[in-house]
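Novice: Here it is, the structure in full.
The values are calculated or read from the model by the stated rules, or taken from the named source; none is laboratory data. Here the structure is a predicted model, which is why all the values come from computation and not from measurement. Quick reminder, even Gly has a Cβ in these numbers, built from the backbone with ideal geometry, and neighbours come from all protein chains shown.
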Amino acid sequence: MRILAVEDEPTLATQLAEGVREAGYAVDVAHNGLDAHFMGDTESFDAVVLDLGLPQMDGITVLKKWRAAGRTMPVLILTARDNWHEKVAGIDAGADDYLTKPFHMEELLARLRALIRRAGGHASAELVCGPVTLDTRNNRVTVEGRALTLTSHEYRVLAYLMHHAGEVVSRSDLVEHIYAQDFDRDSNTVEVFIGRLRKKLPPGLIETVRGMGYRLVNSQ
Amino acid sequence: MTLVTLRGSLRFRLLLGTLFWIAATILVAGWGLGSMFRQHVESQFHAELKTHLDQLTAQLTLDDQGRPMLAMSLSDPRFNKPFAGLYWQIDRLVSPGLPTARAVMRSRSLWDQVLRVPADSPASGEIHHHRIAGPQGEMLGMVERVVRIDELPLRLIVAADEGLMIEPVARFNKMLWLALGVLGLGLALAALVQVFVGLAPLQKLRAALGRVHRGEAQQMEGAFPAEIMPLVEEFNTVLARNAEVVARARTQAGNLAHALKTPLSVLANAAGGKDDALARLVAAQIEMARRQVDYHLARAQAAATVGLPGVRTPLGPVVDGLVRTLRRIHAGRNLDLVVQPIAASLAFRGEAQDLQEMLGNLLDNACKWASHRVEIDAAIEQDRLVIRVDDDGKGIAAEQREAMLRRGIRADQQVPGSGLGLAIVDDLARMYGGQVVLTDSPLGGLRATLILPAVQ
């Protein structure tokens, strides 16, 4: 899962990025409206945390432009201006949720999880595929009740596949959603992560669709 | 309309003044014209009498026995018709050897009557005027002169019924007052039309002002006469300036919030990861600072707008926007947000953002507390806008409700920000002269009733 954090205040941006990264997401940070718009327009994100008071282009405009261009990723607005007039304007511009500063990092993460889950059509915080259960609240993966230890990249690959269980996920999709932009991307490493996951998970769970990518199937 | 409001009415004053002058002018004109005509008729009457007297004098002569006689009878036929109203008479005055004799000669019109002339003897060449009673009791105008024919002093008298003079004067007066009455009526009507047409822009001004006051218009609209236009423009400028000041106050408050809250966020996050005394102190103080900022900002923003004229906010669109927003924010909770149909005429006499703030907080609270259902209903009751927000949550114990409306006390520590929300709503409502009332909801939870001034 890959998140775009847009915040112009450098310290807060760093804290945001750390908090979100610790929760198991890949994070990109934008410090102004123009960068944010460009990144959101050209890269794939699973959710965006968007500050409204941004230099160069304000957050509402960025959001409207994304929505006008058909970008549908969930957007959580994070702003100091917390009157209802602005909340209504934010939601009408296409935001999915609203959080006012100062905020608790736990609440922000809870809202993010809920947004990503809802975007994937999942009602519960626990994603289940056959014997495998992934709890998005604490990043725990269990197989038939037995806890599984995963590296952060392995977790991201599995989480993305679980959010899109039953769908074919291409290798480039995976690359886009598990790495931040500044990361040295190599699609071969995806194969390495898939290989490791297959060893840790029950056989047949991750299916290779020739020439297209991978699919998580409920083998039972 | 009472007398006081009548006296204060410009229309009434103008009308009263104009009507008074019209009446006064017509009375003076009527009196003046009437007396002029009367004088004219009177002098004509006397001139006629004198003509007859001259004729009588000219025809008077003595017969061979020395008795007065007329060489030719007078031309006016009325002298020959009994009691026709025109008479002549010749008296013989005292002279040596002869006593006074009345009516030695008289017109046929006098029949057997004698004109009772005051004892009087005009000197030669003088003509005297008198008014005497006539043969039938009527008043006669009379002229007399004394002539001596062969030393015989004779008094020549011509008299005519004053009715002959009064009758045309009365007829003229009747016509005169009728004409003046019609003129007066016409003038009064013209004055009425002028006052109403002339002052129509003031009526329009009042209507426009009323619309602004009721919040149906932001500015005074329409074209006004040059005398009033500067006033209207000035007023509109003041209104626009007010709106500008409010917008600036809001922006500045927003900027202040932004400037304060971002550093607070940084502090909160820096302290958030740790669990020592300092971190807890920082967290508690940040929470307090946030509440203070929220509370005072909300108040400051509302204070800028309370009591401004020309502000009206229809309720429907505000509720729609908030419900849209809350449905999205609470999308994960499977909540039923039900809005009872809101009449398009329902409107709040106040600023849109303040209404949004009050309703938004109430609805957000209801959504946080509700288990499945939130209902919104609005109506005008006793000239006030009454908005009810019901939820099916656990509700609040009756004894706790008062405390909920006081600043900064939270009923449920699990749900962030809920206590302050209600306190702000009640505070804003009170600034507008309204209030929030908390009661049990028929849905099982809390009913928050927001009472606000309505636009009629």
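Novice: Residues of the stretch B:310-325 being surrounded by 19 or more Cβ atoms within 10 Å (Cβ to Cβ) and facing chain A (nearest Cβ under 9 Å), which ones?
Specialist: The answer is B:Val318, B:Gly321, B:Leu322, B:Thr325.
Novice: Another question about this same structure. Does B:Arg38 satisfy the criteria of being more than 60 Å from the chain's Cα centre (by Cα) and in contact (Cβ under 8 Å) with a residue 12 or more places away in the chain?
Specialist: When the stated conditions are applied, B:Arg38 does not pass them.
Novice: Quick check on my filter: what residues within the stretch B:345-378 are over 37 Å from the mean Cα position of the chain (by Cα) and small (Gly, Ala, Ser)?
Specialist: The answer is B:Gly360, B:Ala366, B:Ala370, B:Ser371, B:Ala378.
Novice: For residues that are more than 8 Å from chain B (Cβ to nearest Cβ) and in a loop (DSSP other than H, G, I, E, B), tally how many sit in the stretch A:70-85.
Specialist: Residues meeting the conditions: 5.
Novice: Filter the stretch A:1-27 down to residues that are acidic (Asp, Glu) and surrounded by fewer than 23 Cβ atoms within 10 Å (Cβ to Cβ) and give me whichever is nearest to A:Val62 (Cα to Cα).
Specialist: It comes out as A:Asp8.
Novice: Still on this structure, I have one more. Of (1) at pLDDT 90 or above; (2) within 9 Å of chain A (Cβ to nearest Cβ); (3) surrounded by 20 or more Cβ atoms within 10 Å (Cβ to Cβ), B:Glu357 satisfies all except one. Which?
Specialist: The one condition B:Glu357 does not meet is (1).
Novice: Spot the failing condition for B:Arg250; the list is (1) of a type in the set (Lys, Arg); (2) surrounded by fewer than 14 Cβ atoms within 10 Å (Cβ to Cβ); (3) closer than 30 Å to B:Asp354 by Cα, and only one is missed.
Specialist: Condition not satisfied by B:Arg250: (2).
Novice: Same structure, new question: Please work out which residue is nearest to B:Ala300 (Cα to Cα), limiting yourself to the stretch B:223-276 and to residues that are among the charged types (D, E, K, R), within 13 Å of chain A (Cβ to nearest Cβ) and in a helix (DSSP H, G or I).
Specialist: B:Arg250
Novice: Another one. Show me the helices (runs of 4 or more DSSP H) found entirely inside the stretch A:86-178 where at least 3 residues are at pLDDT 85 or above and facing chain B (nearest Cβ under 10 Å).
Specialist: Details: elements: A:105-119, A:152-163, A:171-178.
Qualifying helices (runs of 4 or more DSSP H): A:105-119.
Novice: For A:Leu50, work out the one condition from (1) assigned to a strand (DSSP E or B); (2) without any contact (Cβ under 8 Å) to a residue 12 or more places away in the chain; (3) over 24 Å from A:Leu158 (Cα atoms) it doesn't fulfil.
Specialist: Single failed check for A:Leu50: (2).
Matching residues to (1) in contact with an Asp or Glu (Cβ under 9 Å, 6 or more places away or on another chain); (2) within 26 Å of B:Arg248 (Cβ to Cβ):
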position: B:Leu260; (1), (2): no, yes
position: B:Asn269; (1), (2): yes, no
position: B:Ala277; (1), (2): no, no
position: B:His296; (1), (2): no, yes
position: B:Ala300; (1), (2): no, yes
position: B:Arg328; (1), (2): yes, no
position: B:Asn334; (1), (2): no, no
position: B:Ala344; (1), (2): no, no
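Novice: In the stretch B:94-143, which residues are buried (at least 17 other Cβ atoms within 10 Å of the Cβ) and touching a residue at least 60 places away in the same chain (Cβ under 8 Å)?
Specialist: Scanning the stretch B:94-143 gives B:Gly141, B:Met142, B:Val143.
Novice: Note down all Cβ pairs under 6 Å where the first residue falls in the stretch A:156-180 and is touching a residue at least 12 places away in the same chain (Cβ under 8 Å), the second is of a type in the set (Asp, Glu), and they're at least six residues apart or on different chains.
Specialist: Short answer, once both residue conditions are applied: A:Ala180/A:Asp28.
Novice: Of a type in the set (S, T, N, Q), within 30 Å of A:Gly94 (Cβ to Cβ), touching a residue at least 24 places away in the same chain (Cβ under 8 Å) and not assigned by TED's automatic domain parsing to the domain that holds B:Leu359: is that true of B:Gln301 in this structure?
Specialist: yes
Novice: Any chance you could count how many residues in the stretch A:11-43 are over 17 Å from A:Arg137 (Cα atoms) and in a loop (DSSP other than H, G, I, E, B)?
Specialist: 3
Yes/no matrix, rows are residues, columns are (1) surrounded by 13 or more Cβ atoms within 10 Å (Cβ to Cβ); (2) polar (S, T, N, Q):
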| position | (1), (2) |
| --- | --- |
| B:Gly181 | no, no |
| B:Ala188 | yes, no |
| B:Pro201 | yes, no |
| B:Gln218 | yes, yes |
| B:Pro230 | no, no |
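Novice: Condition (residue is over 15 Å from B:Leu355 (Cα atoms), in the same structural domain as B:Ala347 (by TED's automatic domain parsing) and not β-branched (Val, Ile, Thr)) applied to the stretch B:317-324: is it met by at least one residue? It would help to see each step written out before you state the result.
Specialist: The initial filter retains those residues of the stretch B:317-324 that are over 15 Å from B:Leu355 (Cα atoms), namely B:324.
Then drop every residue that is not in the same structural domain as B:Ala347 (by TED's automatic domain parsing), which leaves B:324.
The next check asks that each one be not β-branched (Val, Ile, Thr); those that pass are B:324.
Within the stretch B:317-324 (the criterion being over 15 Å from B:Leu355 (Cα atoms), in the same structural domain as B:Ala347 (by TED's automatic domain parsing) and not β-branched (Val, Ile, Thr)), the answer is yes, since at least one residue qualifies.
Novice: Given the condition buried (at least 18 other Cβ atoms within 10 Å of the Cβ), under 23 Å from B:Lys394 (Cα atoms) and within 10 Å of another protein chain (Cβ to nearest Cβ), answer yes or no: does some residue in the stretch B:336-353 qualify?
Specialist: No - not one qualifying residue is present in the stretch B:336-353.
Novice: Hey, B:Arg108 hits all of (1) within 14 Å of B:Thr57 (Cα to Cα); (2) touching a helix residue (DSSP H, G or I) at 6+ places or on another chain (Cβ under 6 Å) but one; which does it fall short on?
Specialist: Exception for B:Arg108: condition (1).
Novice: Can you tell me how many residues in the stretch A:136-150 are more than 14 Å from A:Met1 (Cα to Cα) and either assigned by TED's automatic domain parsing to the domain that holds A:Glu22 or not hydrophobic (A, V, I, L, M, F, W, C) (or both)?
Specialist: The qualifying residues number 7.
Novice: Among the residues of the stretch B:44-60, is any of a type in the set (Ser, Thr, Tyr), in a strand (DSSP E or B) and surrounded by 13 or more Cβ atoms within 10 Å (Cβ to Cβ)?
Specialist: Scanning the stretch B:44-60, I find no residue that is of a type in the set (Ser, Thr, Tyr), in a strand (DSSP E or B) and surrounded by 13 or more Cβ atoms within 10 Å (Cβ to Cβ), so the answer is no.
Novice: Does the stretch A:140-160 contain at least one residue that is surrounded by 13 or more Cβ atoms within 10 Å (Cβ to Cβ), in contact with an Asp or Glu (Cβ under 9 Å, 6 or more places away or on another chain) and of a type in the set (Lys, Arg)?
Specialist: So far as the stretch A:140-160 goes, no, none of its residues is surrounded by 13 or more Cβ atoms within 10 Å (Cβ to Cβ), in contact with an Asp or Glu (Cβ under 9 Å, 6 or more places away or on another chain) and of a type in the set (Lys, Arg).
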